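Nothing in this text is a laboratory measurement; each read-out follows from the coordinates by a stated rule. Please read all numbers here as calculations on a predicted model, not as lab measurements.
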Amino acid sequence: MNEKLKPSETSSTKRLYNCGEWTPARFRSFVVSALRTATRRWPPKYKALKEAYVGRKTNKKTNKLAMHYKCACCKKEFVAADVQVDDIQPVAPPKTGFTTWEEYINNMFCEKNNLQVLCKTCHSVKTQEEKEERKAYGKAKGQQEQSDTKPRAKRTTRTAAKTIK
């Protein structure tokens, strides 16, 4: 599943995905999606939910009994539909990103001590913070790579050239 060529392969032979109909990126997306689907049945996920379970209470929206869980971040109680099991340490670390399939799978199928139950709001905030961190690290890494290489000549756009005239 690694996208690098094996030593036995020459540069003229490339790995085909779905008889050549998929790009390597499409294949990777397919595999990640299949793995995420499998994590829905991962037993430690249900252990984390069980630990966050506070009991059956009346749902304010429907006036019916519903299972409620406590958010690990804001400590409020939510119905099952409004919580998500989150990896405390991201599956793909923001600083390194995807490295190998083995590391990715090990991080995805982690034990309960790396899982927490968050309400949808707290989960989206945490996810956004991770995206920003990944983005900031990517920019810093890109700037460092540019400083390691010789400076390039600046390109002028048509609009910039028009304003100069």
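So which of Lys70/Lys126; Lys50/Lys75; Lys61/Lys120; Lys45/Lys131; Lys57/Lys131; Lys76/Lys126 end up more than 25 Å apart, counting from Cα to Cα? Kindly include the intermediate steps, with their values, before the conclusion.
On the way: Lys70/Lys126 16 Å; Lys50/Lys75 15 Å; Lys61/Lys120 16 Å; Lys45/Lys131 23 Å; Lys57/Lys131 35 Å; Lys76/Lys126 16 Å.
Those over the limit are Lys57/Lys131.
Can you give the convex hull volume of the alpha carbon atoms of the range 43-141 per residue, in Å³? Please list the in-between numbers first.
Details: hull volume 9.6 nm³, N = 99.
It is 97 Å³ per residue.
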